């Protein structure tokens with residue numbers, strides 16, 4: 001399931017969870033080249049600059065607070081990267097919350113701005 005707050009909040013988890021062995025949490029693609037906000041696309045924790053305060057930790061805790069067992073939650077992990085170009089005011093410690101002109105040109109596999117497979121990254 002998508003890790004958005006909207007999706008988590010709109011489900012009756014005590015009712016649904018009793019019928020599920022596992023819930024696969026799509027905890028990636030929080031940000032990407034489809035918008036001009038720069039940040040981690042699968043961050044474990046949020047900072048005060050994280051857009052919408054979304055993180056793996058926040059989403060897992062939201063499910064736990066709604067009665068889902070920790071044994072049912074499977075966290076999705078991306079084995080790819082996302083990137084931006086022309087990032088304004090960039091320094092190594094100020095990534096989150098900055099803006100860019102666009103995602104980087106596409107990687108080798110998909111027609112998706114800023115998307116790079118593991119093979120694309122390893123080849124660099």
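Based on this model, can you work out whether residue 70 counts as over 20 Å from residue 5 (Cβ atoms), surrounded by fewer than 12 Cβ atoms within 10 Å (Cβ to Cβ) and either touching a helix residue (DSSP H, G or I) at 6+ places or on another chain (Cβ under 6 Å) or modelled with pLDDT of 80 or more (or both)?
no
Being surrounded by fewer than 14 Cβ atoms within 10 Å (Cβ to Cβ), assigned to a helix (DSSP H, G or I) and at pLDDT below 80 narrows it down to one residue among 61, 93, 52; which is it?
52
Considering only segment 2-12, I want to know if a residue exists there that is in contact with a strand residue (DSSP E or B) (Cβ under 9 Å, 6 or more places away or on another chain), surrounded by fewer than 16 Cβ atoms within 10 Å (Cβ to Cβ), farther than 30 Å from residue 122 by Cα and modelled with pLDDT of 90 or more.
Checking segment 2-12: not a single residue is in contact with a strand residue (DSSP E or B) (Cβ under 9 Å, 6 or more places away or on another chain), surrounded by fewer than 16 Cβ atoms within 10 Å (Cβ to Cβ), farther than 30 Å from residue 122 by Cα and modelled with pLDDT of 90 or more.
Hey, residue 46 hits all of (1) at pLDDT 80 or above; (2) loosely packed, with under 14 Cβ neighbours inside 10 Å but one; which does it fall short on?
(2)
Report yes if residue 31 is under 10 Å from the mean Cα position of the chain (by Cα), surrounded by fewer than 17 Cβ atoms within 10 Å (Cβ to Cβ) and within 23 Å of residue 87 (Cβ to Cβ), otherwise no.
For residue 31, the condition - under 10 Å from the mean Cα position of the chain (by Cα), surrounded by fewer than 17 Cβ atoms within 10 Å (Cβ to Cβ) and within 23 Å of residue 87 (Cβ to Cβ) - is not met.
The values are calculated or read from the model by the stated rules, or taken from the named source; none is laboratory data. These figures come from a predicted structure and were not determined experimentally. Glycine also receives a Cβ, built like all others from the backbone with ideal geometry; neighbour counts cover every protein chain displayed.
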